[in-house]
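In what follows, a structure is listed as structure tokens, so that the remarks can point back to it.
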Amino acid sequence: MVASSKPVIKTDLAGQTLVTLRTLTEDNPASLDTYLKLGGYAALKRIVTEKVKPTDIITEIKTSGLRGRGGAGFPTGLKWSFMPRYFDGVKYLVCNTDEGEPGTFKDRDIIRYNPHQLIEGMAIAAYTLGARVGYNYIHGEIWQDYEIFEAALHEAKAAGYLGENLFGTSFSFDLYAVHGYGAYICGEETALIESIEGKKGQPRFKPPFPASYGVFGKPTNVNNTESYTSIPWIMQNGGQAFADLGVANSGGTKLFSVSGHVEKPGNYEVKMGMPFTELLALTGGVWKGRQLKAVIPGGPSTAVMPASAILSATMDYDGLSKARSSLGAGSMIVMDDTTCMVKTLHRLSYFFYEESCGQCTPCREGTGWVYRVIDRIVKGQGKMEDLDLLTDISNNIAGRTICALGEAAATPVLSFIKHFRPEFEYYIQHGKSMVDGK
Amino acid sequence: MLSPEAIIKIDYELTKYPADQRQAAVMSALRIVQTERGWLSKESITEVAQYLGMPEIAAMEVATFYNMYDLSPVGKYKVTICTNISCMLRGSDEIVSHLQGKLGVGFNEVTPDGKFCLKEGECMGCCGGAPLMHVNNTEMHEFLTTDKVDAILEGLK
């Protein structure tokens, strides 16, 4: 089997800095030949054959300033240092390609356009952490892309980059593709581990963390797809070179998934710290010549920002936290001036209600309650005290659940009401939207 | 009885896990059986559980937890449309009314000829191509317009 994918329009790459999607400059980006032509697998080969010390690799990753690209932004090098060095048994490596938070679709492009760089990154991680087996958990909705990735695995194995005794050494690593089947919660790392084990995706209590009790109860390192895919570039060019691409506290490049009201939605890989206005310009700007109203910068679990706040922000961890939101997974949802924020929150609240796994009472009951209150506002039956009620319920979900979905569900409610309160009040008073009059 | 073809596919999935962790293959085993039979009856779930040597209730828990498993017949073509925020912002409501009008069914209903079933999906992680829909859990159709939807439905015989 040979991985193949659609040709890509190269002109769309202007203004981007390609690290994790570097094969996009080529005609057949997903193929092994393409990746090898760009120097792929050279870092892995060097590390394994020269027996580079794992601690040196971790130091390099720490120097790079790479932070977890799945949304939490935890320093990757530090996370790797949590894995037990000596363990009598199999250690596991897991890649989280379970994108299900609205607006997030960056990892899909990695597995369909540059699967081998992810495979190489995971192999380097496996060597560093002593993991024998790895799984890439891919959400079930992107079946065609799952097949591209699985074909790439077979291709890598046949070429001697996966499997036993790689490059004639004692290092062996098996990597498999596994899939979800429609559950947002499985993007949470312990729910994902439960799912790999063939169970409902309900998050586990932490501690113990996956580094000590992960897949099948064994030490497991879980990283996001984009994080692993950054590793080969870092090991090839050095941690400092990666850090220098970005800004302080945000090394490297970041894939921004831009959706909503822009002329050219899609993924844009740019240097960390790029001003928002520049990134917006790359996407062709707000569509139909309309004005920008608001942006959710990192996925709905990050606070919505009114145009005035985002227009002066830079796209990096510190830049967005200074502007009172966060980078999240870089899932930027752009809304123009025709967007009704009440109806938008209505839709988001349904999502969190539908996707709550049901394990913790505050989230299971709270998300449903929030949805029903917003639903009655949208149906013209809202009361002014509903706004305080929504705030109160949300504050009582956040921080009272096993996983971060509690905060994720509360953040849009709190931030939408905070920044667009007059719209909510108008809707309650008039029974219709201030924006579209319906 | 699981078909020989299904067993070959499930056995391939089992090679991904330690020999004592057969349950891990339940996600893919249910997917394989559903793809073959169109939906998952209680009997199908029982057969999967027995083949993997896991409690029936544990397989049932998985089948009911993940929303791409269908526990009732969905017709020949299951059309799942995303209505989440990124799709909504780019007109998924219009696509939904078009689909409902054209097929004459609401969400979770099957057309009288048993050909189509319409489902509302949550985010499918392809929001750059919004609005979008999925056919039979495998084919993704992006950048939908009402014309494009017509052409896609036309192609489903």
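Details
- Start at zero, step by 10 Å, and the Cα-Cα distances of chain B spread as 11, 35, 29, 20, 5, 0 percent across the bins.
- Distance distribution P(r), segment A:77-172, all Cα-Cα pairs, bin width 10 angstrom from 0: 15, 44, 32, 10, 0 percent.
- From the largest down, the protein assembly as shown spans 73, 60, 46 angstrom on the principal axes of its Cα atoms.
- Chain A: angle of helix A:405-430 to the longest principal axis, Cα-based, in degrees nearest 10: 30 degrees
- Relative to the longest principal axis of the Cα atoms of chain A, helix A:115-129 runs at roughly 70 degrees.
- Other-chain or far-sequence residues with amide H under 5 Å of A:Met434's (modelled H): A:Tyr427
- Listed pairs A:Lys293/A:Lys343; A:Lys293/B:Lys148; A:Lys79/A:Lys157; A:Lys254/A:Lys322; A:Lys254/A:Lys343 exceeding 23 Å between Cα atoms: A:Lys293/B:Lys148; A:Lys79/A:Lys157; A:Lys254/A:Lys343
- Distance (nanometres) between label positions extended 7 Å along Cα→Cβ at A:Thr25 and B:Asp93: 4.5 nm
- Expressed in Å, the radius of gyration and Dmax of the Cα atoms of segment A:1-110 are 16.9, 51.
- Structure remark: mean-square fluctuation, Gaussian network model of chain A, C-alpha springs under 10 Å; the largest value among A:Arg132, A:Arg290, A:Arg22 belongs to A:Arg290.
- GNM on chain A, alpha-carbon springs under 10 angstrom: the most fluctuating residue among A:Val52, A:Val378, A:Val258 is A:Val52.
- Computed on segment B:69-157, the Cα convex hull volume stands at 85 Å³ per residue.
- Full-extension gain in nm, A:His154 to A:Ser321, via 0.36 nm per residue minus C-alpha separation: 56.0 nm
- Ellipsoid fit via the Cα gyration tensor, segment A:345-414: semi-axes of 20, 12, 9 Å, each the root of five times an eigenvalue, largest first.
- Here's how it looks for B:Lys119: its modeled amide H is under 5 Å from those of B:Val79, B:Thr80, B:Ile81, B:Asn108, which are all 5 or more places away or on a different chain.
- Too-long pairs where the Cα-Cα distance tops 29 Å, listed order kept, from B:Lys42/B:Lys78; A:Lys200/A:Lys383; A:Lys200/A:Lys379; A:Lys62/A:Lys271; A:Lys51/A:Lys199; A:Lys200/B:Lys115: A:Lys200/A:Lys383; A:Lys200/A:Lys379; A:Lys51/A:Lys199; A:Lys200/B:Lys115
- Estimated dipole of segment A:280-438 in Debye, rounded to 20 [Cβ of Lys and Arg +1, of Asp and Glu -1, Cα centre]: 320 debye
- Computed over chain A with a Gaussian network model linking Cα atoms closer than 10 Å, the most mobile of A:Met122, A:Met315, A:Met341 is A:Met341.
- Taking chain A and dividing mean pair separation by its residue count, relative contact order in percent (alpha carbons under 8 Å, at least six apart): 16 percent
- For chymotrypsin sites (Phe, Trp or Tyr not before Pro), the sites in segment B:50-157 that DSSP calls loop and that have at most 12 other Cβ atoms within 10 Å are B:Phe143.
Read-outs: derived from the displayed coordinates by stated rules, not from any lab. As the structure is a prediction and not an experimental result, all values here were calculated from the model. Using ideal geometry, Cβ is built from the backbone for each residue, glycine included, and neighbour counts are taken over all protein chains shown.
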